[in-house]
Amino acid sequence: MTKVVKKGDYFLFEMGINDEKAYSEGQFKIYMRQIVEAVKAKGATVVLVTPQGRAISWTTDGVNLVHYAEDDFYRHATIALSQEQNVGLVDLNVLSSAYFTSIGPAETELLYKTGDWLHFNRKGATVLAKLVVQDLQRQGMDGFDYLISF
């Protein structure tokens, strides 16, 4: 992966949605840290991205149905690593949950592959990519000014 990274590149890195089953949180941070350090050594700009929730990550706030996955998928470890390594962060977990809440469960399900609560179809992947780009723009990162509005 780091063989193609070069100085001046952006390296957006998301990991975690399947990793809770495979690694402890400590192992997860070690693996992520190794990749972040290798990419930084190449001169690229690293931006960590927290994982979005699954299509079934719904709860209630006491009145309304809300999409929520903030305590899942090593999100907190990713945030801590971004601070430790002084690299960018897009909290896609929170951004996607806010978006999914705004459109509701039925519309959210249409963004995923049929019968799959984890993997997005083309429309869903496009929506998530736009959320990421919007946040990079909000943070003032160069090179992300081509966003097509929703």
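The values are calculated or read from the model by the stated rules, or taken from the named source; none is laboratory data. Bear in mind the structure is a predicted one, so any value in this text is a computation, not a measurement. Note that we place each Cβ from the backbone using ideal geometry, even for glycine, and neighbour counts take in every protein chain shown. Heavy atoms of the whole protein, side chains included, go into the accessibility calculation; ligands, DNA and RNA do not. Shrake-Rupley method; radii C 1.70, N 1.55, O 1.52, S 1.80 Å.
Annotations
- Folded to 0 to 90 degrees: helix 122-138 orientation relative to the chain principal axis, Cα: 60
- Computed 3J(HN,Hα) for region 80-93, one whole-Hz value per residue from the Karplus formula 6.51 cos²θ - 1.76 cosθ + 1.60 where θ = phi - 60°, is 4, 5, 5, 6, 4, 8, 6, 10, x, 8, 10, 8, 4, 4, glycine and proline marked x.
- Per principal axis, descending, Cα span of region 90-150 in whole Å: 38, 19, 18
- Inter-site label distance for Gln134 and Gln34 at 7 Å from Cα along Cβ, in nm: 3.6
- Computed lengthening from Ala98 to Lys123, 0.36 nm per intervening residue step minus Cα-Cα distance: 7.3 nm
- Centroid-to-centroid separation of region 1-80 and region 85-99 [C-alpha atoms, Å]: 9
- Couplings 3J(HN,Hα) for region 9-15, derived from phi with the Karplus relation 6.51 cos²θ - 1.76 cosθ + 1.60 (θ = phi - 60°), are 6, 9, 10, 8, 10, 10, 8 Hz, where x marks Gly and Pro.
- Equivalent ellipsoid of region 45-150: semi-axes from √(5λ) of the C-alpha gyration tensor, largest first, are 24, 18, 12 Å.
- Rounded to the nearest 20 debye, dipole of the chain from Cβ charges on Lys, Arg, Asp, Glu: 620
- Solvent-accessible area per residue in the chain equals 56 Å², computed with a 1.4 angstrom probe and all protein chains kept.
- Each other residue within a Cβ distance under 15 Å of Lys6 adds +1 if Lys or Arg and -1 if Asp or Glu, for a net charge of +3.
- Rg in Å to one decimal, and Dmax rounded to a whole Å, for region 23-72 via C-alpha atoms: 16.1, 49
- Surface composition of region 72-150: carbon plus sulfur atoms hold 54% of the accessible area, using a 1.4 angstrom probe and ignoring ligands, DNA and RNA.
- For the chain: lysine pairs under 12 Å (alpha-carbon distance), excluding those fewer than 8 apart on one chain: 6
- All other residues whose Cβ lies under 9 angstrom from that of Thr78 are scored, Lys and Arg at +1 and Asp and Glu at -1, for a net of 0.
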